[in-house]
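J.: Before I ask anything, let me first share the structure, which is written out below as structure tokens.
Values in this text are rule-based calculations from the coordinates and carry no lab data. These figures come from a predicted structure and were not determined experimentally. Cβ atoms come from the backbone with ideal geometry, glycine included; neighbour counts cover every protein chain shown.
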Amino acid sequence: MATTTYQLPETGFLRIWQIVGNPKTNTPALIPIGRTTFLNGVKSGKYPKPVKLGERTTAWRVEDIRALVEQLGQSQ
């Protein structure tokens, strides 16, 4: 079974499925937690706040998610 690695762009935005993964499309998770856990962390301030790109489009800045991944990696 081949593993897929996901390279983060330098700048831009990530949708939630790009952060927590999507088994239906075989998108690997950057942060191995569930969608609800991630959204609860956003609500509590543990994870970065999203940016509204449109009426029904929410995303997170790549820079914020990269910093979160580094922070989580250092805490282990």
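J.: Identify the single condition in (1) in contact with a Phe, Trp or Tyr (Cβ under 8 Å, 6 or more places away or on another chain); (2) hydrophobic (A, V, I, L, M, F, W, C); (3) free of Cβ contacts under 8 Å to residues at least 40 places away in the same chain that Val62 does not satisfy, given that it satisfies every other one.
T.: Val62 satisfies every listed condition except (3).
J.: Looking at the range 41-70, which of the residues that are assigned to a helix (DSSP H, G or I) and over 13 Å from the mean Cα position of the chain (by Cα) is farthest from Ile16 (Cα to Cα)?
T.: To start, the set of residues in the range 41-70 that are assigned to a helix (DSSP H, G or I) comprises 41-44, 62-70.
Adding the requirement that they be over 13 Å from the mean Cα position of the chain (by Cα) leaves 43-44.
Values: Lys43: 14, Ser44: 17 Å.
For the range 41-70, the residue satisfying everything is Ser44.
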